[in-house]
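Structure first, commentary second.
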Amino acid sequence: MFNGKAAKILYGGDYNPEQWPREVWQEDMRLFQLAGVNIATVNVFSWALNQPDENTYSFEWLDETLDLLHASGVQVCMGTSTAAHPAWMATKYPDVLLVESDGRKRKFGRRHNSCPSSPTYRKYAKRMAQQLAERYKDHPAILLWHVNNEYGLRCYCENCEQAFRDWLQQKYGTLDKLNEAWYTRFWGHTFYDWKEIVAPSAQSEHFQINGVETTCFQGISLDYARFTSDQILDCYKLERDAIKAIIPDAVVTTNFQSNGTYKPLDYFKWAKELDVIGLDAYPTSDMPVSYTSMRHDLMRGLKDGDPYLLMESCPSQLNWKPQNALKRPGVNRLWSYQAIARGADSIMYFQLRRSLGAFEKFHGAMIDHAGHEHTRVFRECAELGAELDRLGDTLVGARTEAKVAILFDWENWWAIEYSSGLTVDLKYLNEVQHYYDAFFSQNIQVDLISTDSELSGYDLVVAPVLYMVKEGYASKLDDYVQSGGTFVTTFFSGIVNENDRVTPGGYPGELRKLLGIWVEESDALLTSKTNQLKMSASLGSLEQGSVYDCRILCDLVHSEGAEVLAEYGSDFYKGMPALTKNSYGTGEAWYVASSPEPIFLQKLMGRLCERIGIQPLLKAPDLVEVSSRQKEGKRFLFVLNHNEEPRTIELGDAMQTDLLSGKDVSGKIELAANGVMILESEQRRD
């Protein structure tokens, strides 16, 4: 990943020496060595310092920083400083300022404050990347390059509007094709000139209904979401290419935000342009453990299972929640190993030294305002750093093998939640999480994949709420099942194409033959209401006659050859199919016609895995998370106790070595509260 320059898990984080006097820098180096820090991200928000005016560049402070870090044995993740433009730029060139959806133009302030279509921003961002690459191309401290920071935010200015028209011309070629795709004869929207097209915003197509933002024309808004993701990606590529033109073998990345599920950017599309995925993850104690694990698995899936970097996390308390609790003793270590267990090759914090002022002065850091090593947080960070140092390169580059895949599609997410029906209670992330939880609770390893991913390596593929079926994807699923794969999808699937135009001929559209069903209607249940799924046949622990609650939507299904395994228990569609299985080729296609309670999904997914021959990694008590990575014939089984009390775990008869304690273990063991084991053994070949 790093051209042979990184021999162990990276440990460190964001470092902002420019906020401190020089005498503090030397003390930082001492504390970094005590804590085992081997990587520091610098220069992320220093554009105004580096470029005080249009023609002046001043990097002397950065020269000194890099030399000091290198002398202390700390490698550098070099930021390009372009995440916040300088005040002089906003004053002289107002085209750099974002315009909100309601048409208000921002003034200088905050961060992530630049229009991605601004010629000024693009010019000076590229120039800054060039200046940095040229100056530091031979500096031995630099391990990788970090472009911008937590990209995001849509802009609706005139530059973006014109760039959108250009993007549309590239995509559609003619207005006739665009009008057809967008279904513009509805409400008299036919366009006769490209200049007539405006950005879908609160000034045009977007409005609030029942407290939720929606749009009158899903096709237009979908394309603007795609355009914005592409336009911001172009800004990243502009800086990346400027760096690589000078340093061809530079490792370049940026950091993804919102724990990896940031809605405005299609991270699967972005991943193709990054040398390594970078994630900022800030879980809290009130989040389910599986919530964080799913997002780590998603980051691993962005580049087909390659390890990724945890570029930001917090060793203590956050600063933006209504109440920002301290991380309890041992939790930072536990959550750090959770990331490593799921594919991370780094543990990095925001930040290494706590700021003295402004918005993030109470955001946690390795070095607190006390400024010394005699704090609980620093001691815990140093203990973790020492452990990671002892692990050396054992885990670096290790990969994860899974036989279950869950489809995750940003465009499907946008389309579902832009749709003006059938219920505001349908949230794509929630439904994906429900299915992920069914596997997580049984310690069955899962990959999260895109519509571009190869399916043949998986025995079971699950696509929750596959509302949008992109061109060619139905055939891909057809081939997968024909060849022996097991496919599961759910209610509100197969409804539209990639332009959000309904596929005529009855739901689930192109998936109808594969699933062997026809959906006549969908009933949206009131938030307080449920229906029931009643098993009409036995399926493992789902016994015939057993009843489970379901909610949100109920598809009214007719079988067209599919076997009916459960029926609805109430309302006028009582007795209609609610769970079906269609034998197709040498495989099976399953349809879950509503959103069932968790125990139903746990039993169903467990039974499907059992039938296929997919085994849990380890049977363990609740809130004991198990994951694995493999490398050079070795398997590393991570066992993490998220309980506040010890738990007894049965490891089996085979002897395994716990890399953290150095002990050989087997049989029953007691794992402490917030405890972690990494068990090394020979890789199994099933």
In segment 590-604, is there at least one residue being more than 26 Å from residue 423 (Cβ to Cβ) and touching a strand residue (DSSP E or B) at 6+ places or on another chain (Cβ under 9 Å)? no
Examine segment 374-391 for a residue that is within 30 Å of residue 21 (Cα to Cα), not in a helix (DSSP H, G or I) and not assigned by TED's automatic domain parsing to the domain that holds residue 631, and state whether such a residue exists. yes
Please verify whether residue 527 is assigned to a loop (DSSP other than H, G, I, E, B) and in contact with a helix residue (DSSP H, G or I) (Cβ under 7 Å, 6 or more places away or on another chain), treating the condition exactly as stated. no
Residue list for segment 197-218, restricted to those being small (Gly, Ala, Ser) and either surrounded by fewer than 18 Cβ atoms within 10 Å (Cβ to Cβ) or within 16 Å of residue 422 (Cα to Cα) (or both): 202, 211
Determine if segment 550-559 includes at least one residue that is in contact with a Ser or Thr (Cβ under 9 Å, 6 or more places away or on another chain) and in a helix (DSSP H, G or I). no
Residue list for segment 644-665, filter: outside any strand (DSSP E or B) and either surrounded by fewer than 11 Cβ atoms within 10 Å (Cβ to Cβ) or at negative phi (or both): 644, 645, 646, 651, 653, 654, 655, 659, 660, 661, 662, 663
Wholly enclosed strands (runs of 3 or more DSSP E) of segment 426-499 bearing at least 1 residues crowded, with 19+ Cβ neighbours inside 10 Å and more than 23 Å from the chain's Cα centre (by Cα): 486-490
By residue number, the members of segment 45-72 that are out of contact with any Phe, Trp or Tyr (no Cβ under 9 Å at 6 or more places or on another chain) and not charged (D, E, K, R) are 45, 55, 56, 57, 58, 61, 70, 71
List, please: which pairs have Cβ atoms under 7 Å, are six or more places apart or on different chains, and start with a residue in segment 33-58 that is without any contact (Cβ under 8 Å) to a residue 24 or more places away in the chain and end with one that is of a type outside the set (Gly, Ala, Ser)? 58/50; 58/52
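Yes/no matrix, rows are residues, columns are (1) touching a residue at least 60 places away in the same chain (Cβ under 8 Å); (2) assigned by TED's automatic domain parsing to the domain that holds residue 673; (3) part of a loop (DSSP other than H, G, I, E, B):
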residue	(1), (2), (3)
259	no, no, no
297	yes, no, no
310	no, no, no
314	no, no, yes
322	no, no, yes
334	yes, no, no
338	yes, no, no
In the set 425, 389, 452, the lone residue that is closer than 30 Å to residue 661 by Cβ and out of contact with any helix residue (DSSP H, G or I) (no Cβ under 6 Å at 6 or more places or on another chain) is 389
Would you mind stating whether residue 516 is exposed (fewer than 15 other Cβ atoms within 10 Å of the Cβ) and farther than 25 Å from residue 430 by Cβ? no
Given the structure, is residue 506 surrounded by fewer than 17 Cβ atoms within 10 Å (Cβ to Cβ) and modelled with pLDDT under 95? yes
In the list 187, 194, which residue meets the criterion of being more than 30 Å from residue 65 (Cβ to Cβ), touching a Lys or Arg at 6+ places or on another chain (Cβ under 6 Å) and surrounded by fewer than 18 Cβ atoms within 10 Å (Cβ to Cβ)? 194
Would you say residue 542 is closer than 30 Å to residue 480 by Cα and of a type outside the set (D, E, K, R)? yes
Inspect all residues belonging to segment 630-650 and state whether any of them is of a type in the set (D, E, K, R) and within 27 Å of the chain's Cα centre (by Cα). yes
Check on residue 668, loosely packed, with under 11 Cβ neighbours inside 10 Å and modelled with pLDDT of 95 or more: yes
Report the residue count in segment 412-425 for those that are surrounded by 20 or more Cβ atoms within 10 Å (Cβ to Cβ) and not hydroxyl-bearing (Ser, Thr, Tyr). 5
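So that you can scan it fast, the table gives a plain yes or no per residue for (1) in contact with a helix residue (DSSP H, G or I) (Cβ under 9 Å, 6 or more places away or on another chain); (2) touching a residue at least 40 places away in the same chain (Cβ under 8 Å); (3) more than 17 Å from residue 493 (Cβ to Cβ):
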site	(1), (2), (3)
520	no, no, no
539	yes, yes, yes
544	no, no, yes
548	yes, yes, yes
553	no, yes, no
569	no, no, yes
573	no, yes, yes
601	yes, yes, no
Restricting to segment 389-415, give me the number of residues that are closer than 16 Å to residue 456 by Cα and of a type in the set (A, V, I, L, M, F, W, C). 5
Requiring at least 2 residues that are free of Cβ contacts under 8 Å to residues at least 24 places away in the same chain, not acidic (Asp, Glu) and not assigned by TED's automatic domain parsing to the domain that holds residue 264, the strands (runs of 3 or more DSSP E) wholly within segment 115-215 are 206-209
Log entry, pairs with first residue in segment 476-492 being assigned by TED's automatic domain parsing to the domain that holds residue 422, second being of a type in the set (D, E, K, R) and part of a loop (DSSP other than H, G, I, E, B), beta carbons closer than 9 Å, six or more apart or on different chains, reads 484/459; 485/459; 486/459
Give segment 351-391 a look and list any residue that's in contact (Cβ under 8 Å) with a residue 40 or more places away in the chain, of a type outside the set (A, V, I, L, M, F, W, C) and within 30 Å of residue 306 (Cα to Cα), or say none. 351, 364, 380, 383, 385, 387, 389
Residue under evaluation residue 221, criteria (1) closer than 22 Å to residue 276 by Cα; (2) assigned to a helix (DSSP H, G or I); (3) in contact with a helix residue (DSSP H, G or I) (Cβ under 6 Å, 6 or more places away or on another chain), criterion not met: (1)
Selection count, segment 182-230, where residues are within 28 Å of the chain's Cα centre (by Cα), of a type in the set (Asp, Glu) and at pLDDT 95 or above: 2
Can residue 394 be described as without any contact (Cβ under 8 Å) to a residue 24 or more places away in the chain and farther than 22 Å from residue 515 by Cβ? no
Note on segment 65-89: residues buried (at least 20 other Cβ atoms within 10 Å of the Cβ) and either more than 21 Å from residue 359 (Cα to Cα) or outside the structural domain of residue 242 (by TED's automatic domain parsing) (or both) are 65, 66, 69, 74, 75, 76, 77, 78, 80, 89
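The values are calculated or read from the model by the stated rules, or taken from the named source; none is laboratory data. Just so we're clear, the structure is a prediction, and the values are computed from it rather than from any experiment. Cβ: placed from backbone, ideal geometry, glycine included. Neighbour counts: every protein chain shown.
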